[in-house]
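The structure appears right after this line, and notes come after that.
The values are calculated or read from the model by the stated rules, or taken from the named source; none is laboratory data. Just so you know, these numbers come straight off a predicted model, no measurement behind them. Neighbour counts are summed over all protein chains in view; Cβ atoms, including those assigned to glycine, are modelled from backbone coordinates with ideal geometry. Quick note on the areas: whole protein, heavy atoms, side chains included, nothing else; ligands and nucleic acids left out. Shrake-Rupley method; radii C 1.70, N 1.55, O 1.52, S 1.80 Å.
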Amino acid sequence: MKPIIAGPCSAESEDQILKIAEFLATKTSVKTMRAGVWKPRTRPGGFEGYGEKALQWLQLAKKKYGLSIAVEVAIPEHVEHCLKYDVDTIWLGARTTGNPFSVQEIAEALTGSGLSVMVKNPLIPDLALWLGAIERIEKVGISNVKAIHRGFGINQNSQFRYPPMWEIPIEIKRRRPDIKVYCDPSHIAGKSELVSLIAQKAVDMEMDGLMIEVHPSPKTALTDHFQQLDFSEFENLICQLVEKDATGQHNEIQQMRALIDDLDEELISILSKRMKIVGEMGEYKRANQMTILQMERWKTALKHRLECGRKNNLDDDFMLALWRAIHAEALRIQGIK
Ligand code: PEP
Ligand code: MN
């Protein structure tokens with residue numbers, strides 16, 4: 001079973017924190033409880049968290065139920081408070097990760113602290129910004145920094161609040177196999193009924209753990225009430241999560257992979273032939289004073305490729321991205337010299 005960090009979006013009262021801690025400690029295998037103590041709000045005037053008072057409730061929950069405690073920090077002063085009240089793990093929220101000045105200040109406050117640190121992805125899908133934030137924390141001597149994929153502020157038509165872009169956390173795992181990447185299905189989903197779908201997807205994508213928002217009565221929650229799970233929804237989610245085989249050693253899969261490998265080699269050889277002709281055309285255009293980009297030709301070619309893709313059951317967005325990449329490479333080749 002993957003490790004799960006669970007707890008309310010925000011710490012709202014001592015009673016709420018102790019209820020959740022008791023539930024997690026006695027009814028689930030969760031070892032770390034999360035709670036927002038300082039809440040980054042989009043607009044002023046909303047509930048901004050109980051701060052230091054809430055840290056006292058969390059410290060009490062830790063003593064009573066032996067759970068380790070995780071809290072979001074956004075400024076160096078938050079780190080000092082967390083150290084004072086025995087917090088075990090701090091995480092940087094999406095809005096903080098996006099700002100290298102804030103990350104640097106927090107990193108400096110963390111120096112020599114021994115706190116465990118998790119870094120959520122920034123709101124914009126910028127892999128370098130996310131990795132850069134992790135590196136800033138590592139540079140002050142914190143080891144085992146973890147990442148959390150919480151979805152991105154893109155594509156407003158999606159059914160999700162912050163749509164996932166799995167290729168980004170997967171790229172982090174490829175470049176930094178030493179970093180554990182968690183997933184926060186609650187903020188991705190934005191609705192309680194979609195949380196288990198994303199949690200299962202995260203397990204299928206080989207994410208290393210989950211962070212899930214749980215509240216005794218989500219309807220009355222002061223923040224994120226649409227996406228928090230009540231206790232029975234959370235128990236159901238855990239029960240229904242299926243850990244699948246990550247080794248890929250089945251014969252059928254091996255055979256299909258061999259087919260894919262052959263096709264990919266064919267694709268690469270076709271691309272190489274195509275780009276060779278592109279280069280020759282570049283020389284012809286140069287010799288005959290023709291522009292590199294011929295807009296009308298690009299428009300009709302793209303239209304045709306999209307139609308052809310549709311006939312072959314290929315997704316429009318995928319075809320568009322693929323042909324933009326091919327065209328950009330062709331322009332690059334013809335622009336050389
Ligand atoms: C949260 O975890 O409650 C939170 C505010 O997260 P994020 O930074 O992902 O929006
Ligand atoms: Mn939240």
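Restricting the calculation to alpha carbons of segment 16-77 gives Rg and Dmax of 12.8, 38 angstrom.
Peptides 287-293, 196-202 ordered by packing proxy, namely the average of other Cβ atoms within 10 Å per residue, highest first: 196-202, 287-293.
Only Cα pairs under 8 Å and 6+ residues apart enter the sum, and on that basis the relative contact order of segment 1-148 stands at 17 percent.
If R0 is 25 Å, what FRET efficiency do you get for LYS139 and LYS31 from their C-beta distance, rounded to 0.05?
0.30
Length gained on full extension, LYS84 to GLU52: 10.6 nm, using 0.36 nm per residue less the C-alpha separation. Between the beta carbons of ILE336 and ALA301, assuming R0 = 25 Å, the FRET efficiency works out to 0.75 to the nearest 0.05. Here segment 69-131 and segment 223-259 have alpha carbon centers that stand 28 Å from each other. Spread over its residues, the convex hull of the C-alpha atoms of the chain is 185 Å³ per residue. Pairs exceeding a 18 Å alpha-carbon distance, out of LYS2/LYS173; LYS273/LYS303; LYS146/LYS173; LYS27/LYS244; LYS191/LYS219: LYS273/LYS303; LYS27/LYS244. Mean sequence separation of contacting Cα pairs (under 8 Å, at least six apart), scaled by the length of segment 175-284, corresponds to a relative contact order of 21 percent. Each listed q (0.09, 0.14, 0.16 Å⁻¹) maps to a log10 I(q)/I(0) for segment 157-306, found by the Debye formula over equal Cα scatterers with no solvent: -0.56, -0.88, -0.98. If r is the Cβ-Cβ distance from GLN294 to GLU266 and R0 is 25 Å, what FRET efficiency results, to the nearest 0.05? So, using R0 = 25 Å, E works out to roughly 0.30.
In the chain, helical runs assigned H by DSSP with n ≥ 4 each contribute -39500 (n - 2.57); averaged across all residues and rounded to the nearest 500, the mean residue ellipticity at 222 nm is -16500 deg cm²/dmol. Of the solvent-accessible surface of segment 123-242, computed with a 1.4 Å probe and all protein chains present, 52% belongs to carbon and sulfur.
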